[in-house]
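Nothing in this text is a laboratory measurement; each read-out follows from the coordinates by a stated rule. This structure is a prediction, so every number in the text was calculated from the model and none was measured. Reconstructed Cβ throughout: ideal geometry from the backbone, glycine too, with neighbour counts over all protein chains shown.
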Amino acid sequence: MAVRQETAVRDSVTPLGATGPAPGPGGVWRRLRTRPAALASGGVLAVLVAAALAAPLLTALAGQDPYAYHGDLVDSARGGAPHGAFGGASGAHWLGVEPGTGRDLFALLLHGARVSLLVAAGATLLQVVVGLAVGLTAALGGRWADRLLSRVTDVMVALPMLVLAIALTTVVPGDFPRPLLLVLVMGLLGWGGVSRVVRARTMALRGLDFVAAARLGGSGRLRVARRELLPSLAAPVLTYAAILLPSNIVLEASLSFLGIGVKPPTPSWGQLLSTATTWYRADPAYVLLPSGLLFVTVLAFTVLGDAVRAALDPREASRLRVGTRGERAERPLEGGESVHVGTRLAGSGAKSADTGTRLPRTGAESPVPHEEKAP
Amino acid sequence: MNALLSGARFTAKRLVGAALVLLVLSVALYSLFYLLPGDPARLACGERCDPSQVAQVRERLGLDEPVHAQYAHFLQGLFTGRDYSAGTSVRHCAAPCLGLSHQNDQPVSTLIVEGFPATLSLAVGAMTLCLLLGVGTGLLSALRRGGITERVLTVLTLAGTGTPVFLLGLLLLMVVCAYLRWLPFPSYVPLAEDPEQWAWNMLLPWLTLGLFESAKYARLTRASTLEVLAEDHIRTFRAYGVGERAVVARHALRGALPPVIALGALDLGTMLGGAMITESLFGLPGLGRLLIGSVRDVDLPVVVGVVLVIGTAVVVANAVADVLHALADRRVLPS
Amino acid sequence: MRVLPRDRRPALPRAAATASVTLALLGGAVACAGPQDDGSGGGDGKPAEGGTLTVLNSDAQSDFDPARLYTSGGGNVPSLVFRTLTTRNRADGAKGTEVVPDLATGLGKPSEGAKVWTYELKPGLKYEDGSPITSADVKYGVERSFAAELSGGPPYLRDWLIGGDRYEGPFGKGKKELDSIETPDDRTIVFRLKKGVGDFPYVATQTQFAPVPKAKDTGTDYEKHPLSSGPYRVVKNTNDGERLQLARNKHWSAKTDSERKAYPDTVDVRSGLDPAVINQRLSTSSSADAKAVTTDTNLGPAELARVGSDKELKERVGVGHFGYTNYLAFNPDVKPFDDPAVRKAVAYAIDRASVVNAVGGSSLAEPATTFLPNQKAFGYTPYDHFPAGRGGDPDKAREVLAKAGHRNGITLTLTHSTEDGETGPKIAAAVQQSLKKAGIRVRLEGLENNAYDEKRWDAEDAPGLYLSRWGADWPAGYPFLAPIFDGRQIVANGANFNHAKLDDPAVNKEFDDVQQLTDLDAAAKRWGALDSRIGEQALSVPLFHPVYQRLVGKDVKNVVISDWTGVLDVSQVAVR
């Protein structure tokens, strides 16, 4: 069968090392360290996460409370626009106040960061966990399990996510905590991409020597999954998660805009942004601050994610050792940015925050249909 | 030939599988919507309807039947067509009949057919733009890394991705139409009516969605180009003294594009499901808006109809992407 | 009344238009704004015929059948196509709350204690195809609004016409005609009611009173191309009312219609637009947008803040008042709201200034202490039984609570919709904040909009405290008060609007007595007194009356905003 032959050819192009165990944490860190952009991104994110964690403390230090209204700071006759320049910034309210309510914007942004980052992180984690479980089961659970789960995954990928999100937010009781609801909705609807990556990677791995050896050695499926497969799956899954996380942050904002996000008085970036958009002219600070923060965060996660992906790529090490010819030999570190087929297609799993559907990826990391590939 | 045959067989198999999946999906939607608050009969009847009127409307819409019977009617319509009362007369809805909207008595198929041109216009244009922008940026950054153009383009595509689409679209509108006044505010003009006006009016929606999606393509193109450039046969070409330009144009690009094309086909499928926010910002009467509106009105026939159409688009795109990827990829591989 | 029979939301929540009252539903939506002064939005000189008027809307005109439309005074866009027995006076301000003849020669002749209303059609009335309009067509138009296929209209005819509660329309198996409507000749029509209704001329403005020739009726397809009796006919209706193209109806004559000016030659209604985009387009006014108005989109707070600093824009903003009240509703069946002291404490504690700010500030909402809107036509009688001042009176509230045994304050649950808007989370959060000062801790319960509507209108299961609102089906006290406070309008298993389930024989009797008065001024006074009397029980806490501020394109002239609709009247606008 020609198709299967091509698989073989393709696999031979991809260095076998690529599917071997990932480099240890020490090696990853050593490589990350040499990238200024990655370090800077990491720094920005560290500050941001720390600030979000310490939000109650910081806002208390600033003498503010994200829930306190200050009606006297806004001009009721002018649509509730803050008095004063730059969104009503003052010694007491460092970044100004929210139009309409007069709530402190600094406090809102920090507390909003908590919610937004938590929702995005929680959703990503859930997507990864469910995706791993489904992907592994499909790959190891036998022919029927695979067929069934692959079709289910297809559905998850094909579904317009927003529709289900709206429907799901509707059926839960009104007092269910919104952030948790968002985590569940995004997590439970968005695992299709992870599961495809995991399944495809596991399929590839299980034919490899070290896994085969383990199986021959009498290890059960679970044990093989835990001891041999999971460590090797860490790299592609982490890479994938690094792409999912920023897109989950943007998705939270879009869900807010569609009216199914976090609700006032709880602040989140998305919720701030969706009210802020029309203020771009009357109170630019109100738009710029949340959108700037969101942008910087997404950018930082993206750059860091790229760097981590490259650092996790085992071929980086080999390429450094072997060296590449031509001009690239002079900049060996950059050579490592290339990604092997599996992870690069994984990049397509990010969801579109507008179409709301998970962007599907090809059935497997190889262009060849998975059915044909199964041994 | 063998490859093509088995490719076709695979595709056919997959389409059958997909049809089953879609059927299961429609069952799931029926069940889910059964749980939703909001009584479709009451919503269709209006808030000031008294209980007896609501009952009449419920009966007319067939909502008084158990949910499995409703689903059976749906299937029956799909395969044999159904008759509906329009009050003054009886109308026939021919197979495959997706039913009638609960809220406004329009055939679902009519609503979808009316919404499709706008969605198609948006999807095709945005995808084209996205590919041009994304692949261009990706190639530039793979080939001349560190250049100023590359940096500008990279930041631009990243900015597109890091900004929620509702903000991006609104800002584009404000800047281009209100501030600089380079373009009038877009209003949808069907392609069939006036192609030139159609294009001008679609420009900003294309840009919004295209920009939003392009960073992904830039990254993918860059990664796969770098990878191909590092592969043995390219090194061999270089070693044989083939010029750098030729290497890139003839070989590297051909090797790097398949994953991009595959992803493009998939994204196109998804976009055909409608980009609700973009459609709404620019007043495009497309499927995305139809869908979200009908979800809120608990208008089940419309929801199921649109989801089935979207699902079909995505599944077909999936299959096409796989085939494209396989075909495109083979050419660069040594035989 | 209620507005928003079907709260059809736009495709997207409008982040922008906080005070977006979608009156649209009302058929057409009431909407817009124009300059306050003489109404000449932009341009100089007298309005002239010609040109194309563009209407930029958020909600599609997805119902365009006169039977299905739920309008106040015949709607805005619908009123360009459908003439009715009577119509609203197309004049600015309070003059605009009057009802005037349209197809009929007068407002109707009441007899037998306002139980019988007789109308005579003007001579020479024609449809767009040149055929004559007859009284039988008006009768048929009313009759078909009883059909389940064409449901959606207001409930009054069903409640009032003899036999109306059992009639199922002309399509069903039962009786084809409604005997309580008689047409002794081609120009006369008589309505026989169960009880005296002095407001009947107001109701005859609704689109159910538009003529429909039986031979041309196509049932549920009729809305695609309804036969026009007004100055414009439907040329094209695409995407289920998302785009509506209207052109002149050659057979309409200004001689028989003194209300509609019909200056533009064509009207192009485009909907499905984001509110922020609509406002931006109107303010930019480039090309066709210069001749555009909106009938359903208000200026949001952000846009208002900007307009304030731009003189040219400010001149293009029209301000309107539609009879509308937003309030906190109590359900005394739920503890602790059975205790009047708790309800009164909430009334004392409420900080209306911060609620008004949450709506978008003092330009978009006026604080309310009465249930009736603050307009004479409704019988507005000022009262403030539980004075809370601008910012609430937390001390008084604490005192009332303490007397009732709640020394440590009290915890309440406030139910609201999760959809942005006048029953949305922002208002709820402002209420929560303002009650906090009085030691009243509020738990917020947000429900998705359909779930919220279903729950708050469920007589059995309504929450104890929730955000609600009521709008005017016509500018008078009856439709504003009766559905809320008439004990006989408590609906057991449908939508119940009597949130307090007030069933007081004295109040019920007053409804009956005042309803049959044909002296509308005398009736108004008694509605005002009744409102004040009911208000003493603190069954609701009025929060605010919205104000509509709307932009028009720079070439739009002759903007007329009545207090009936609160928005500019499309039939008066000129673009030349």
Chain C, Kirkwood Rh and Cα Rg, ratio Rg/Rh at 0.97
For residue B:93, the residues 5 or more places away or on another chain with a placed amide H closer than 5 Å to its own amide H are B:82, B:83, B:84
Toy charge model, Lys and Arg Cβ at +1, Asp and Glu Cβ at -1: the protein assembly as shown dipole around Cα centroid in debye, rounded to 20, equals 4380 debye
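Looking at chain B, do any whole DSSP H helices span at least 30 angstrom along their long axis by alpha carbon and average -1.0 or above on Kyte-Doolittle, and which?
Values: long enough: B:2-35 (49 Å, 1.42); B:108-143 (50 Å, 1.71); B:195-230 (46 Å, 0.18); B:300-332 (48 Å, 1.67).
Helices passing the filter in chain B: B:2-35, B:108-143, B:195-230, B:300-332.
If you place +1 on the Cβ of every Lys and Arg and -1 on the Cβ of every Asp and Glu, how big does the dipole about the Cα centre of region C:302-410 come out, in debye to the nearest 20?
Values: 14 positive and 13 negative charges, 28 e Å.
Here the size comes out at about 140 debye.
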If unit charges are put on Cβ atoms (+1 for Lys and Arg, -1 for Asp and Glu) and the dipole of the protein assembly as shown is taken about its Cα centre, the option from C:174, A:126, C:153 lying farthest towards the positive end turns out to be A:126
In order over region C:127-133: 3J(HN,Hα) from phi, Karplus 6.51/-1.76/1.60, θ = phi - 60°, whole Hz, x for each Gly or Pro, gives 7, 5, 8, x, 6, x, 8
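Which trypsin sites (Lys or Arg not before Pro) does region C:107-206 hold that lie in a coil by DSSP with at most 12 other beta carbons within 10 Å?
Working: sites: C:115, C:126, C:139, C:144, C:158, C:166, C:173, C:175, C:176, C:187, C:192, C:194, C:195; in loops: C:115, C:166, C:173, C:175, C:176, C:187, C:194, C:195.
Taking region C:107-206 and a limit of 12 other Cβ atoms within 10 Å, the loop trypsin sites (Lys or Arg not before Pro) found are C:166, C:173, C:176.
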Projecting the Cα atoms of B:264, B:95, B:170 onto the charge dipole of chain B, where Lys and Arg contribute +1 and Asp and Glu -1 at Cβ, the residue farthest towards the positive end is B:264
Karplus-derived 3J(HN,Hα) from phi for region C:201-206 (6.51 cos²θ - 1.76 cosθ + 1.60, θ = phi - 60°), whole Hz, x at Gly and Pro, runs x, 5, 5, 5, 8, 6
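Hand me the trypsin sites (Lys or Arg not before Pro) from region C:240-346 located in a DSSP loop with no more than 13 other Cβ atoms within 10 Å, in residue order please. Don't skip to the end; give the middle numbers.
Numbers: sites: C:243, C:248, C:250, C:255, C:260, C:261, C:270, C:281, C:291, C:306, C:311, C:314, C:316, C:343, C:344; in loops: C:250, C:260, C:261, C:316.
Those that pass, being in a loop and sparsely packed, are C:250.
Let me know the shape class of region B:144-232, please: from the alpha-carbon gyration tensor, a ≥ b ≥ c as square roots of the eigenvalues, rounded when a/c is under 1.5, otherwise prolate if a/b is greater than b/c, or oblate.
Values: a/c = 2.85, a/b = 1.92, b/c = 1.48.
Judged from the Cα gyration tensor, region B:144-232 comes out prolate (a/c at least 1.5, a/b above b/c).
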Note: the protein assembly as shown, point scatterers on Cα, Debye, no solvent; log10 I/I(0) at q = 0.08 Å⁻¹ equals -0.92
Between residue C:447 and residues 5 or more places away or on another chain, the pairs with built amide H atoms under 5 Å apart involve C:416, C:417, C:418
Mean projected area, convex hull of alpha-carbon positions in region C:439-576, reported to one decimal in nm², is 12.5 nm²
Spelling it out for residue C:235: with amide H atoms placed in the peptide plane at 1.01 Å from N, the residues 5 or more places away or on another chain with amide H under 5 Å from its amide H are C:245, C:246, C:247
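Treat the count of other C-beta atoms within 10 Å as a stand-in for reagent exposure and order C:221, C:199 from fewest to most. Intermediate results must be reported in sequence, preceding the final value.
Values: C:221 16, C:199 24.
Going from least to most buried by this count: C:221, C:199.
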Karplus-derived 3J(HN,Hα) from phi for region C:356-365 (6.51 cos²θ - 1.76 cosθ + 1.60, θ = phi - 60°), whole Hz, x at Gly and Pro, runs 4, 4, 5, 7, x, x, 5, 7, 10, 7
Neighbour-count ranking for B:175, B:16, A:287 (other C-beta within 10 angstrom, fewest to most) reads B:16, B:175, A:287
Exposure proxy check on B:224, C:131: fewest-to-most Cβ neighbours within 10 Å is C:131, B:224
Of all DSSP beta bridges with both partners in chain C, the antiparallel percent, nearest 5, is 75 percent
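Hey, got the dipole for region C:14-268? About the Cα centre, +1 on K and R Cβ, -1 on D and E Cβ, debye to the nearest 20?
On the way: 33 positive and 35 negative charges, 81 e Å.
Charge dipole of region C:14-268: 400 debye, to the nearest 20.
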